[in-house]
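Nothing in this text is a laboratory measurement; each read-out follows from the coordinates by a stated rule. Keep in mind it's a predicted model, so treat the numbers as computed, not measured. Neighbour counts are summed over all protein chains in view; Cβ atoms, including those assigned to glycine, are modelled from backbone coordinates with ideal geometry.
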Amino acid sequence: MIAFDYARPTTIDAAVATAANTHARFIGGGTNLLDLIKGGVEQPALLIDVNHLDLSAVEELSDGGLRIGATARNSDVANHALVRERYPLLTRALLAGASPQLRNMATVGGNLMQRTRCDYFVDTGFARCNKRHPGSGCAARDGQNHLHAILGASEQCVAVNPSDMSVALLALGATVNLRSVAGDRKVAMADFHRLPEDHPERDTNLNPGELIVSVDLPSPRFAQKYHYLKVRERASFAFALVAVAVGLDIDEGGGVREAAIALGGVAHKPWLASAAAALLTGKTAHDADLDAVAAAAVSGAQPLSRNAYKIPMAKNAVVRAIKTAMEA
Amino acid sequence: MKDRSKRAADSQSAINVDRRTFMGTVACAGAGISFGALAQPAPSTPPVPAKSRHATITLNVNGVAHELDVEPRVTLLAALRDRIGLRGTKKGCDRGQCGACTVLVDGRRINSCLTLAVMHENQSITTVEGLAVNGEPSPLQAAFMDFDAFQCGFCTPGQLCSAVAMIGEARAGAASAVTVDLTAASKRGALADAEIRERMSGNICRCGAYPNIVAAIRHTATRTG
């Protein structure tokens, strides 16, 4: 591993002031960052340890929502009594990700900042990667791309976001709270990650030096009818080929009052399928046209040379996740 | 059985010296070849410090305080093995994928390869060397021997540390990905094999001793308190 300096601030203000160094990185659990440093992908001059900023609390908000601190561990959030009771979709997504040891280290903020596991990005032996070296090209577009994007990709980049947690947070309508020397800022989950377009080196819409402070969940609507379906190549401890988070708010008559559908493993960002979800409004388990919903969820999908299977897989996963949620 | 384990421990320490010397020789012989073959393209050039500031830290491992002078880039795994000399914790993939480096920090299982030593001051670290009770194998360690839960043994320290924490997590009511009902607290000692497999999925065994590992953990989880 390359040499770097290490700072351990105890206040948020000190942390963001230190982060004015453009070659600094915040470190929470380090499970992705240290992996990338070992591989030579990330080369920070300074790591700022955020574990002493008192940001690990999970607390109720006055509007009925829940605030999850940025350094709360994935395992602690997954099994927090209020999360299990009110946002079980988040529990399911978190428990579907990584391994118990990694979840014990990984933080909520770090999970949001996870970088793609595209082989051409993480292995510096490959010369072409626009995300690692802007302008160098994309080896995945015509290479081993069976794990890559079917939605929202660009000529520059076809990588996918690897997070399960982010897919659930998107479906739940979460908001990310940020702090920098310029002040505080809130970003909706739908706007937190970005599509690659001409700048695949940027995964998110964070500004340089901005620190994730917490994530807010709105008051719960999907505590009863929900499902997180992760399709992967082995039973556990693998990234998603396709993941689907579904939340349904059902009225007394069995009709859908509100639906949320988000997909993972299909794009450079967790993919919100708003138009598909809207097709469920007012429908019941008996009259919902799930094939139409599934088709809408992958509308605009463009397969690469080796990942056309993901389109029917995503559609089938959407149908199954909705059915399972309705029967819950 | 206690005699058997004691003999095993004695012979293990004798073997360790020889094996370590041998492996060191092999690694040196191979290094000249692999450096050439794995030459990397020149990376972009951020201002990386040639040598970062050292820090003097104290790590509390298995109840003993160790004062170390380390660079920030030293992983907890490297500190345990190369500085403190506790080589029970294994370096497998060094990327958080195999679980061989699993240790307990304040009772929680983590991959020591993906965390920095400087991040663990004032915490209580337990390695496989700290699992024995009064010099005797813990019930889980005894079960691993009784159930033949290993072949080559390289993953075993990580499996043991992981399983100790896993049994505790399950008793505390933590759900896993295969837990059917999130609203019900799991029942003590009622760990189905599917639960054990899922909860141990962060520990890979290349020898494929999984059935016996599961049996040893099931045995321990249902009999100890």
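Give the residue list of trypsin sites (Lys or Arg not before Pro) in region B:115-219 that are DSSP loop and have at most 10 other beta-carbon atoms within 10 angstrom.
On the way: sites: B:ARG171, B:LYS187, B:ARG188, B:ARG197, B:ARG199, B:ARG206, B:ARG218; in loops: B:LYS187, B:ARG188, B:ARG206.
When the trypsin sites (Lys or Arg not before Pro) of region B:115-219 are filtered for loop state and at most 10 Cβ neighbours within 10 Å, B:LYS187 remain.
State the volume of the convex hull built on the alpha-carbon positions of the protein assembly as shown, expressed per residue in Å³ and rounded to an integer. Don't skip to the answer; put the middle values down first.
Numbers: hull volume 85.9 nm³, N = 553.
Once divided by residue count, the hull of the protein assembly as shown is 155 Å³.
Per-residue Cβ counts within 10 Å, from other chains only, averaged over A:31-40: what number is that?
Working: counts 7, 2, 1, 10, 7, 0, 1, 7, 2, 3.
Mean shielding by partner chains, rounded to a whole number: 4.
With charges set only on the Cβ (+1 for Lys and Arg, -1 for Asp and Glu), what does the dipole of region A:225-327 come to about its Cα centre, in debye to the nearest 20?
Rounded to the nearest 20 debye, it is 620 debye.
So, by mean Cβ neighbours within 10 angstrom, what's the order for A:159-167, B:68-76 with the highest one leading? Provide the component values of the computation, followed by the final result.
Details: A:159-167: 27.8, B:68-76: 20.1.
Highest to lowest by the protection proxy: A:159-167, B:68-76.
Report the local net charge at B:GLY99: Lys and Arg +1, Asp and Glu -1, summed over other residues whose C-beta lies under 10 Å from its C-beta.
Details: positive: B:LYS90, B:ARG109; negative: none.
Result for the local shell: +2.
Where in chain A are the helices, taken as whole DSSP H runs, whose Cα atoms extend 24 angstrom or more along the long axis and whose Kyte-Doolittle mean reaches at least -0.5?
Working: long enough: A:310-327 (25 Å, 0.16).
Qualifying helices: A:310-327.
What would the Debye equation give as log₁₀ I(q)/I(0) for chain A at q = 0.08, 0.11, 0.14 Å⁻¹, counting only Cα atoms as equal point scatterers?
Treating every Cα as an identical point scatterer, log10 I(q)/I(0) equals -0.36, -0.68, -1.10.
If contacts are Cα pairs under 8 angstrom and at least 6 residues apart, what is the relative contact order of chain A in percent? Intermediate values should be presented prior to the final figure.
On the way: 763 pairs, mean separation 57.1, N = 328.
Reported relative contact order: 17 percent.
Cα-based Rg (one decimal) and Dmax (whole number) for region A:225-327, in Å?
My reading of the Cα-based Rg and Dmax gives 13.5, 47 Å.
Taking each residue in A:3-9, count the Cβ atoms of any other chain within 10 Å of its Cβ, then average. What number comes out? Show your work: numbers first, answer last.
Details: counts 9, 8, 8, 10, 1, 5, 0.
Shielding by partners across A:3-9 averages 6.
So what's the gap between the Cα centers of region B:129-175 and region A:49-72, to the nearest angstrom?
Cα centroid of region B:129-175 versus Cα centroid of region A:49-72: 33 Å apart.
How crowded by other chains is B:110-120, given as the mean number of beta carbons from other chains within 10 Å of each beta carbon? Mind dumping the intermediate values first?
Numbers: counts 10, 10, 2, 4, 12, 6, 8, 0, 4, 11, 0.
Mean shielding by partner chains, rounded to a whole number: 6.
What GluC sites (Glu not before Pro) in region A:217-291 are in a loop by DSSP, with at most 12 other Cβ atoms within 10 Å of the Cβ? All intermediate terms of the calculation are to be shown ahead of the outcome.
Details: sites: A:GLU233, A:GLU252, A:GLU258; in loops: A:GLU233, A:GLU252.
Here the GluC sites (Glu not before Pro) that fit, given the DSSP loop and packing criteria, are A:GLU233, A:GLU252.
For region A:52-59, take each phi angle, set θ = phi - 60°, evaluate the Karplus expression 6.51 cos²θ - 1.76 cosθ + 1.60, and give the result in whole Hz per residue in order, putting x for glycine and proline.
10, 9, 6, 10, 9, 6, 10, 9
With +1 on each Lys and Arg Cβ and -1 on each Asp and Glu Cβ, how big is the dipole of region A:168-301 about its Cα centre, in debye rounded to the nearest 20? Show your work: numbers first, answer last.
Numbers: 13 positive and 16 negative charges, 69 e Å.
Using Cβ point charges on Lys, Arg, Asp and Glu, region A:168-301 gives about 340 debye.
For a quick protection proxy, order the peptides A:74-81, A:136-143 by their average other-Cβ count within 10 Å, most packed first.
Numbers: A:74-81: 21.4, A:136-143: 19.1.
Highest mean packing first, the order is A:74-81, A:136-143.
May I ask you to order A:200-212, A:57-69, A:239-251 by the average number of other C-beta atoms within 10 Å around their residues, highest value first? Could you put the intermediate results ahead of the total?
Working: A:200-212: 18.2, A:57-69: 15.5, A:239-251: 24.5.
So the peptides A:200-212, A:57-69, A:239-251, ranked by packing, come out A:239-251, A:200-212, A:57-69.
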